[in-house]
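The structure appears below as C-alpha cells.
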Amino acid sequence: MLDTSKPLINLFRGWPNPSFHAPVALHRASSTVLSNPSLSAPALGYGPDEGYSPLRSEIAKWLTDFYAPRDRVVKERICITGGASQNLACLLQVFSDAVYTRNIWMVAPTYYLACGIFDDAGFAGKLRGVPEDEEGVDIGFLDEQMGLSERRASEMGNVKPMLKSPKPYRKIYKHIIYATPTFSNPSTKIMSLRRREQLIRLARKHDALIVTDDVYDHLQWSSSPVQGPLPAPDKAVLPRIVDIDRFLDGGPQDEFGNAVSNGSFSKLIGAGCRVGWAEGTEKFAYGVSQVGSSRSGGAPSQLTSTFVCQLLANKFLQSHILNVLQPGYAKRYHALVSAIQHHLVPLGVTFAVPTGDVAGGYFLWLGLPAGLRAKDLALKAQAEENLVIAGGNLFKVDGDNKEDKDGFQGFIRICFAWEEVKRFDEGLARLAELIRRELGKRE
Ligand SMILES: Cc1ncc(COP(=O)(O)O)c(C=O)c1O
C-alpha cells in the first residue's frame, strides 16, 4: 500500500531544481533576438547544418577558457546539437553500423537512459559493461574483451559496413566506447588522466570511437565543506578525452580522430532549451552536421541556440555557473553528505568520498549494507516512505550480466540537484528508518 501521508521526497530525479533556472536572463536574451530583425530572421529560419555560427564561435571561446587546451578550440570543431541524448542518436546514425560495429562498450554503472538510444540504433544484445575501479575504466578488461570481439568478427567475415553507404563525411568505427569521464552518472567518479590517455590508445588500436558525455564538467566545487571555493573554479579539473586525442602521441591517427565530446546546456541553463554541442576533429564535427535529420533543413534547436548565444556573449552564463550553480550545488552536496553521515553511515551504508579536492556532478552513489537489495529497497522506499530513490540495478548495462554479477543491487543513487534542500534530512531519516526495519527482519 502506497503511504502518501508523508510528503513526497524525490531524491531520484536528475534535473536542476527550478531555482537554478534563469528565466529573467533568458527572457532578456530572447527579447534581444526577437526584437532585432537581423537576429530574429536567422533565429526563426532553419539555420546551417553545423548550427548557428555565432553560437559555435562563443562555445569555442568558452571551452578554450575552461579546458585551456594546448591549442584553442576553433568553431570548426563544434557542431550544434539538440543536447547530449539527441546527439548520441545522431552520432550512431552517422558513425556506426549495427552489423559492422561490433560492440558498444559502456563504462558501468552507466547512465541508463543511454541504453535505449543504443537499442534504437540496432545494438540490442551488443551492449557490454566495462567495470570501473578508483581511477575509472578498467583498461585491461576492455582491451581483452575488444580483442575477443575482434576475433569473433573476423571469424564471421564481418569486414565491411553492411548497413551504411560510404560517404566522404563519415567513418564507420568498429567499436563505440561510451563514458562520462568527469563526475560520472551515477558513480560520480573522475577518470584519471592516465586512464584517459590509455583509453585513447586503446581506441586507436581497436578502431573505436569514444563518446564522452561531458555534461557535468562545469559543476564542480571543493570536496571539503569548510574549504570555501576551489582555487580555480573556472578551470576544468582535467582535460577532456577529446582534448587529449588532439595531442597524444602526435595527435589523431586520421582526420576523424577517435573521440567526440558530447556537451549540453541542460544542466547549466535548463533542459527545456535542448541545446548542446559536439566537439571533435573538424572533419568529425562536419560529419555530425551531415546526419540526415540536420541535412533536412538545418541543425536542431536553432531558435534556442540564438538565445544561448546571447547568454555566452554577454557572459551571463559564465557568471551564473560561478556565482549561482557552483555555490548552490556545493551547498546541496555538502548538506546531503552530512545527512548521509548522520543517518546512514551508522547503519553500514558506505559512499565514496572524492579522492582529490574536487567534488561535482549531481549524484552520490551509496553502498548498501550486506543483505539489502537495491531494487526491493527502492520499491519499499516509495511504497512505505513516499521517498523516491534510484536502485543501483537501473544502472547496469542492458542485456549484459557480466560487468557486475549482482547487477549493482548493492548500491543506490541519490540526487542532490532536484529536491528542496530542506527535505534532505527528512528524506534520509526515512531511508534510515526503512533500512533499520529491513535489517531487523534479517536478524
Ligand atoms: C551522463 C548524461 N548524459 C546525458 C544526459 C542528458 O543530456 P541532455 O539533456 O543534453 O540530453 C544526462 C542527464 O541526466 C546525463 O546524466
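Readers should treat all values here as calculations from the given coordinates under stated rules, not as data from a laboratory. Because the structure is a prediction, the values reported are computed rather than measured. Note that each Cβ is placed from the backbone with ideal geometry, even for glycine, and that neighbours are counted across all protein chains shown.
For region 257-266, the Karplus equation 6.51 cos²θ - 1.76 cosθ + 1.60, evaluated at θ = phi - 60°, returns couplings of x, 10, 8, 9, 9, 9, x, 7, 8, 4 Hz by residue, with Gly and Pro reported as x.
Dividing the summed helix terms, -39500 (n - 2.57) for each DSSP H run of n ≥ 4, by the number of residues in the chain produces a 222 nm estimate of -11500 deg cm²/dmol to the nearest 500. The string of couplings for region 161-172 from the Karplus curve (6.51, -1.76, 1.60, θ = phi - 60°) is x, 9, 9, 10, 7, x, 9, x, 8, 10, 9, 9 Hz, one whole number per residue in order, with x for Gly and Pro.
For region 25-316, the number of Lys pairs with C-alpha atoms closer than 19 Å, counting only pairs eight or more positions apart or on separate chains, is 23. The relative contact order of region 1-151 comes to 14 percent, based on Cα pairs under 8 Å that sit 6 or more residues apart.
Other residues whose C-beta falls under 12 angstrom from the C-beta of Cys115 contribute a net charge of -1, scoring Lys and Arg +1 and Asp and Glu -1.
Between the amide H of Ile210 and those of Ile177, Ala259, Val260, distances stay under 5 Å, these residues lying 5 or more places away or on another chain, with hydrogens modeled in the peptide plane. Counting charges near Phe363 (Lys, Arg +1; Asp, Glu -1) among other residues having Cβ under 14 Å from its Cβ returns a value of +3. For region 266-350, the relative contact order works out to 24 percent when only alpha carbon pairs closer than 8 Å and six or more residues apart are counted. Electrostatic bookkeeping for Ile241 treats Lys and Arg as +1 and Asp and Glu as -1; over the other residues with beta carbon under 13 Å from its beta carbon, the sum is 0.
Result for the chain in a Gaussian network model with C-alpha springs under 10 Å: among Pro54, Pro181, Pro166, the largest mean-square fluctuation is at Pro166. In order along region 129-135, the phi-based Karplus estimate (6.51 cos²θ - 1.76 cosθ + 1.60, θ = phi - 60°) of 3J(HN,Hα) comes to x, 10, x, 10, 10, 4, 8 Hz; Gly and Pro are listed as x. Restricting attention to region 25-316, close to 35% of DSSP beta bridges with both partner residues there are antiparallel.
Each part reduced to its alpha carbon centroid, region 1-77 and region 403-435 end up 29 Å apart. Pairs of Lys residues in region 333-443 are counted when their Cα atoms are under 29 angstrom apart and they lie 8 or more places apart or on different chains; the count is 13. For region 25-316, the Kirkwood radius over C-alpha pairs fed into Stokes-Einstein at 4 °C and 1.567 mPa s yields D = 66 µm² per second. For region 1-146, what does the alpha-carbon gyration tensor say about shape, rounded, prolate or oblate, given a ≥ b ≥ c as the root eigenvalues, a/c under 1.5 as rounded, and a/b over b/c as prolate? Since a/c reaches 1.5 but b/c is at least a/b, the shape of region 1-146 is classed as oblate.
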